[in-house]
Amino acid sequence: MVKDVYDPKAVEKKWQAEWVKRKTFAAADPSDPRPRYYCLEMFPYPSGNLHMGHVRNYTLGDIPARYHRMKGENVLHPIGWDAFGLPAENAAIKNKTHPEKWTRQNIAVMGQQLKALGISYDWDREFATCDPDYYRWNQWFFIKFFEKGLAYKKKAAVNWCPSCKTVLANEQVSAEGTCWRCDSVVEQKELEQWFFKITAYAEQLLEDHDLLRGAWPDEVLAMQANWIGKSDGAEVLFKVQGRPETLTVFTTRPDTLFGATFMALAPQHPLAQALSQTPDKKKKLAELVDLQGARKRNRQGAGEKSGFFLDAYAINPVNQKPAPIWVSDYVLMEYGTGAIMAVPAHDQRDFEFARKYGIPIIEVIQPLIPSPSMGEGKDGGATQQGLPPPPSSPTKGEEGSLTAAYEAEGKMINSGEFTGLPSAEGKKKIGQWLKSKDAGQPTVTYKLRDWLLSRQRYWGTPIPMLTCETCGLVPAAEKDLPVLLPTDVEFTGTGESPLSKSASFLNAKCPKCGGKARRETDTMDTFVDSSWYYARYADPKESKAPFDSARANPWLPVNQYIGGIEHATMHLIYSRFWHKAMRDLGLVSSPEPFQRLLAQGMVTLDGSAMSKSRGNVVDPDAIIEKYGADTARMFILFAAPPTQQLAWSDEGVNGAWRFLSRVWRLVEHVTKALPKGEAPLEAQKKLLRKQHWAIDKVTRDFEPEIQINTAIAAVMELVNVLYLYPMMGDPASKQAVLTVVQLLSPVAPHLMDDLWETMGQEGMASESKWPAADPQWLTADQVEIVVQINGKLRARIQMAPGASKDVLEKEALADPKVQAALAGKSVGKVIVVPDKLVNIVVK
RNA sequence: GGCCCCGUGGUGGAAUUGGUAGACGCGCGGGACUCAAAAUCCCGUGUCCGCAAGGGCAUGUCGGUUCGAGUCCGACCGGGGCCACCA
């Protein structure tokens, strides 16, 4: 029987062993003269088994790693485990085991799966974030941040289950606001919590988008900019009539200051509290707080606004007019100053509130009057000259009253000395005026909030702080790190944090005075672990510091980072912040951690994301078992561009298998055929052109943008040409087949190393030198020139490349088909694009 | 409500960035091999008219710019994502 398929199991086992033996994927020391390339995929949470999303992520990452290695670069391609987190603790509660045991088991399983996929990792650098050798440096960083004022403590609300007496993570609270374990209604409770001052870096995080533009997806940058939420405006100080306080508000529209007819405070605002001393007001205030809480929980946006008058007035600094002070649920304490000046004529929210409670509305911005020539016929003039489009006039209802706020720019009216100014200019002028009168100043605010990192959980990095009876809040001494997680704890899921029940952990000596001290029982958010792991990989065994800058810096920033879009804001902002903080500590010299980012698309089946609850999961192990890792990789890379959704298809997997077998048979033919000579010169030339075209195309598709699907298509074209080649086994065909093997090596590395050996080559395809396209074969000796008449294809003519415009025009006009089509028409302009087309314009 | 993506054959997707629309794969049809099937190899495959040569129509819709538009501009329709009472 003729064997027409290969045996992936044997091949893959053989080469995986060989790679380990030869240390094929070990990164060399940065002092190595070769250029360095650091390729990283977001490390996995050890949840149990790899799913298809993992397979896609790590296969995608393996392409640049293997390609750059073949290009002769010193490649760092590490892997590790994001090992702390809630699921381990939940599993521990459920199975009455320890989170570490569950985690380590999962790491073992998933590590084997990654090895079975043949991802080219430097396994010597592997670590898990739950290793004390790793998390001690989280603690070290925390202390450094604390010393620099980047870590601080303040009260913040947490989800609290009154029946379990425990803090709940957001994902442990149902959509209805109840506890996942006991269904009690979850309350908000104020606790002392640790924060990182990421807001100190808000401006830099935004500004440095300039360094990332083009190398990061626009979508991710847009999401981050949105998240940081910068607004330009002014702070305005209002005196409170008959009281000592000054009310500070933030506005993006200082130009509307004359239209401020009332003030609105957030229910949590200190002045709102101070002005609500009667039992009636206290009750109403509490109701507003509840309204806000409910809306936040249900993720509702704008809606019905309510509030009440506080029986007090604030004095508008521009005209000394008193404005009534209200409190309302539509004002948020956490943004700006928690208080606003309300301009109902020019802000829709203020408008709705004023309407509801009968507060006066004063117009201070007039729409620019559209000129009669605009808005008809040719649109053009206005926008081309950089003028804003004509604004729609405010919508007026009966008796000239407004039906909606006019929020666009315009001309200032009813604004004292500023009347007549365009609003853009008025913004600046009023900002300056406020400053000169000590009544405010131009200012900038951000939506970005400080990073709340306290978790009332066990399975995380202990926060290395102590409270001493005499010295107060003290950081642990560096020599005492790591502050180890205690093992004498129980996991019940109820009661206080497990750490607070371990006496051996809780009671300690003060590092300052040696007196009695109590340890912090909160652990760190796991996003801390993933904020700097990429730097640890560059020097993973260092024991005196998070990493030795001299060894790690040359590898940074990561050249190519690959992972899911779901991390666009959280992880990718936190690690950018952390990197800048590390730079300011003198540990790294680059401004950004990740030079280039690829956000991969989801893997779907039957139109929706694969998930256990939907029951539409395809198990990676089953695919590897049936077809081998090379086929799985091949399918995943070919079926869709990396950034797009990938629809799983069994036929598609089979197609990938067929193609790899086709390449395998090609090698059988080329090595076993006994050629009687060489193919005709024309056939050889055709093959050479295809071969070098494919090299060129694949090389361009691998870098800088990773477009593997079209790269694979190019190799398929070369294979198709080889199958039609008349003298299989002659030197030209052998050479072309070797090219196929090399070009596919990053995609299907096991089979290609095997075929490389079959063809009697030295070493491994994985270690071979990436082929270079010979420019001589990249140009054809005949090019097809398309002849169009009025843009419609009418003929094709064959020409030598490089023909002049005149010659092309003459030849095109002389073509019989063109002649026929031109009969009776007069030729106008003729457009000639050399080596491409001639377009004849006729009337 | 704000911001950002995406609409191309039966299907997954190509298109050198304004220059031959549909590469490559899947599926389907035909042929070769086979007692037969599978596998494999070869050919075909947007759609309509036509025996053919050839021609018309085609990238969500409608306009615009251009010698030329899947690509650029405007409006609309449809799908998706992120943020969301952010002053």
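Would you check which residues across the stretch A:619-636 are crowded, with 16+ Cβ neighbours inside 10 Å and either over 18 Å from A:Val719 (Cα atoms) or more than 31 Å from the chain's Cα centre (by Cα) (or both) and list them? Those that are crowded, with 16+ Cβ neighbours inside 10 Å and either over 18 Å from A:Val719 (Cα atoms) or more than 31 Å from the chain's Cα centre (by Cα) (or both): A:Pro620, A:Ile623, A:Ile624, A:Tyr627, A:Gly628, A:Ala629, A:Ala632, A:Arg633, A:Ile636.
To keep it simple, each residue is scored yes or no on (1) of a type in the set (A, V, I, L, M, F, W, C); (2) assigned to a strand (DSSP E or B); (3) more than 11 Å from RNA strand B (Cβ to nearest atom).
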residue: A:Val236; (1), (2), (3): yes, yes, no
residue: A:Leu247; (1), (2), (3): yes, yes, yes
residue: A:Thr256; (1), (2), (3): no, no, no
residue: A:Leu285; (1), (2), (3): yes, no, yes
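From the list A:Pro554, A:Pro462, the lone residue that is at pLDDT 95 or above and touching a Leu at 6+ places or on another chain (Cβ under 7 Å) is A:Pro462. Every condition in (1) within 23 Å of A:Leu285 (Cβ to Cβ); (2) near RNA strand B (Cβ under 8 Å from one of its atoms); (3) among the β-branched types (Val, Ile, Thr) holds for A:Val343 except the one numbered (1). Considering only residues in the stretch A:132-175 that are in a strand (DSSP E or B) and under 21 Å from A:His579 (Cβ atoms), the one that is nearest to the chain's Cα centre (by Cα) turns out to be A:Ala151. Take residues that are free of Cβ contacts under 8 Å to residues at least 24 places away in the same chain, within 12 Å of RNA strand B (Cβ to nearest atom) and farther than 30 Å from A:Leu687 by Cβ and tell me which of the strands (runs of 3 or more DSSP E) falling wholly in the stretch A:778-843 contain 2 or more. Passing ranges, in order: A:827-833.
Summed over the stretch A:449-471, residues that are surrounded by fewer than 21 Cβ atoms within 10 Å (Cβ to Cβ) and over 25 Å from A:Lys516 (Cα atoms) total 3.
Would you call A:Thr97 buried (at least 17 other Cβ atoms within 10 Å of the Cβ) and more than 16 Å from RNA strand B (Cβ to nearest atom)? When the stated conditions are applied, A:Thr97 does not pass them. Among the conditions (1) surrounded by fewer than 15 Cβ atoms within 10 Å (Cβ to Cβ); (2) near RNA strand B (Cβ under 10 Å from one of its atoms), A:Tyr335 misses just one, which is (1). Within the stretch A:756-774, the set of residues being of a type outside the set (Asp, Glu), part of a helix (DSSP H, G or I) and either within 19 Å of A:Val20 (Cα to Cα) or under 35 Å from the mean Cα position of the chain (by Cα) (or both) comprises A:Trp756, A:Ala765, A:Ser766. Scanning the stretch A:313-325 turns up no residue that is under 18 Å from A:Glu407 (Cβ atoms), at pLDDT 95 or above and either away from RNA strand B (no atom under 14 Å from the Cβ) or of a type in the set (A, V, I, L, M, F, W, C) (or both).
Scan the stretch A:594-609 for residues that are in contact (Cβ under 8 Å) with a residue 40 or more places away in the chain and either assigned to a strand (DSSP E or B) or within 21 Å of A:Gly61 (Cα to Cα) (or both) and jot them down. Answer for the stretch A:594-609, where residues must be in contact (Cβ under 8 Å) with a residue 40 or more places away in the chain and either assigned to a strand (DSSP E or B) or within 21 Å of A:Gly61 (Cα to Cα) (or both): A:Phe594, A:Gln595, A:Arg596, A:Leu597, A:Leu598, A:Ala599, A:Gln600, A:Gly601, A:Met602, A:Val603, A:Thr604, A:Leu605.
Taken over the stretch A:520-553, the criterion of being among the hydroxyl-bearing types (Ser, Thr, Tyr) and over 25 Å from the mean Cα position of the chain (by Cα) is satisfied by A:Thr521, A:Thr523, A:Ser543, A:Ser549. Scanning the stretch A:395-407 for residues that are surrounded by fewer than 16 Cβ atoms within 10 Å (Cβ to Cβ) and at pLDDT 70 or above yields a count of 2.
Within the stretch A:636-656, the residues that satisfy the criterion of being within 8 Å of RNA strand B (Cβ to nearest atom) and either in contact with a Leu (Cβ under 8 Å, 6 or more places away or on another chain) or not in a loop (DSSP other than H, G, I, E, B) (or both) are A:Phe638, A:Ala639, A:Ala640, A:Leu646, A:Ala647, A:Glu651, A:Gly652, A:Asn654, A:Gly655, A:Ala656.
Do we find that A:Ala713 is away from RNA strand B (no atom under 11 Å from the Cβ) and under 20 Å from A:Thr739 (Cβ atoms) in this structure? When the stated conditions are applied, A:Ala713 does not pass them.
The values are calculated or read from the model by the stated rules, or taken from the named source; none is laboratory data. All figures in this text were calculated on a predicted structure; none of them were measured in a lab. FYI the Cβ positions are ideal-geometry reconstructions off the backbone, even for glycines, and counts take in every protein chain you see.
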